[in-house]
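A short worksheet on the structure shown next.
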Amino acid sequence: MSDDLSATDNFVLTHTMLRIKDPARALQFYQQVLGFRLVTKLDFEEARFSLYFLQPRGHTDCADGSLGHTFSRMGLLELTHNWGTESDAAEMHSGNSAPKGFGHICIAVPDIQAACARFEDMGVQFQKRLGEGGMKEIAFILDPDGYWIEVVQPSLMDQLLAQHKA
């Protein structure tokens, strides 16, 4: 195996994909609660699924909706809806219960107390509220399909690390 990592210089992590059951409900959550915007929607009629690519509103490098541009952008969230699953009784697996796997995505906010108060006012379900548990400076909310979303305030992260090293 080669030790030359220069071959990876232009590799880009573009997106993370989550399966969803109800596109309208999921899109409303990510757009209204977290402020994402839909940049590309693709329907695959023959395979019976749709892809929704979302981007945080604060991104200055905006995807323009084309496939080439979409697949070269960093920090997108892809929501995949397999048609017909909205009526399935089975829930999506967040990866946080057995068998464990995927854990969460993370959203950074400038003021975590204000963000959590807003989530509370909007009726967002919390997995872990700010001030609870061993890491009191972070919170976890749940999206409509039960995926965990960590909420952090970057300016508090060094303080958090120092407390847990002591």
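Bear in mind that the values in this text are calculations on the coordinates, not laboratory data. Bear in mind the structure is a predicted one, so any value in this text is a computation, not a measurement. Because the Cβ atoms are built from the backbone with ideal geometry, glycine has one as well, and the counts that use them run over all protein chains shown.
Here the sum of -39500 (n - 2.57) over DSSP H runs of 4 or more residues, divided by the residues of the chain, equals -4500 deg cm²/dmol at 222 nm, to the nearest 500. The simple spin-label model puts a point 7 Å past each Cα toward its Cβ; for Cys106 and Asp4 those points are separated by 3.4 nm.
On the basis of the beta-carbon distance and an R0 of 45 Å, Glu120 and Glu45 show a calculated FRET efficiency of 0.65. Cα gyration tensor of the chain, axes a ≥ b ≥ c as square roots of the eigenvalues: rounded (a/c below 1.5), prolate (a/b > b/c) or oblate? Since a/c reaches 1.5 but b/c is at least a/b, the shape of the chain is classed as oblate. A straight Cα-to-Cα reach below 20 Å connects Lys41 with the aspartates and glutamates Asp22, Asp61, Asp64, Glu78, Glu86, Asp143, Asp145, residues fewer than 8 places away in its own chain not being considered.
Each part reduced to its alpha carbon centroid, the stretch 26-55 and the stretch 109-124 end up 23 Å apart.
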